[in-house]
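Each remark here refers to the structure printed beneath this line.
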Amino acid sequence: MKNSEIHKNLSGALIRDYLSLTLIKIFEREICNKREYIQFDENSIQWAVNDCEKEIEFHQRRLELLKEKLAIITLMKLNGWQDFDVSNWTQNDINHKLHMTFIGTQEEYDNLTFEYKQLI
């Protein structure tokens, strides 16, 4: 099964795809969010100011990503959904290194894995 088709024929399939892809994008941005270190110079006070500014920038980006992730998790909970790893059962056909996770209920996930096992 293609990774992009895991929500096919489910209610809210487009929303589920969006949530799953957004989780991937957030994770990718989290990996790239690095703190920039300032090389120490003779003016220790100016260095401390610059270093503190870089620390604040890093945490502002981190805070934004955490808020986005919280929004996704909240939307999932409102729908009674969870995310499930289906990377072992799907072919990654999206333009990301990570597989999409299955967004749905435990019952929907069980049905999906049952269908997959029938194909083997």
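Structure summary
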{"item": "Segment 1-91, relative contact order [Cα under 8 Å, separation at least 6], %", "result": "39 percent"}
{"item": "Estimated distance in nm for a label pair at Asn50 and Lys25, the labels positioned 7 Å out from Cα along Cα-to-Cβ", "result": "3.4 nm"}
{"item": "Stokes-Einstein diffusion coefficient of the chain, Kirkwood radius over Cα pairs, 20 °C, 1.002 mPa s, in µm²/s", "result": "128 µm²/s"}
{"item": "Computed FRET value (nearest 0.05) for Ile15 with Asn95, which takes r as the C-beta separation and R₀ as 25 Å", "result": "0.80"}
{"item": "Helical contribution to [θ] at 222 nm, DSSP H n ≥ 4, -39,500 (n - 2.57), averaged over the chain, rounded to 500", "result": "-20000 deg cm²/dmol"}
{"item": "Under the span-like rule (Cα at least 15 Å along the axis, Kyte-Doolittle mean at least -1.0), DSSP H helices of the chain", "result": "13-32, 44-78"}
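Where a number appears in this text, it was derived from the coordinates with a stated rule and is not lab data. Predicted model only: the values in this text are computed from it and were never measured. Positions of Cβ are backbone-derived with ideal geometry, glycine not excepted, and every protein chain shown enters the neighbour counts.
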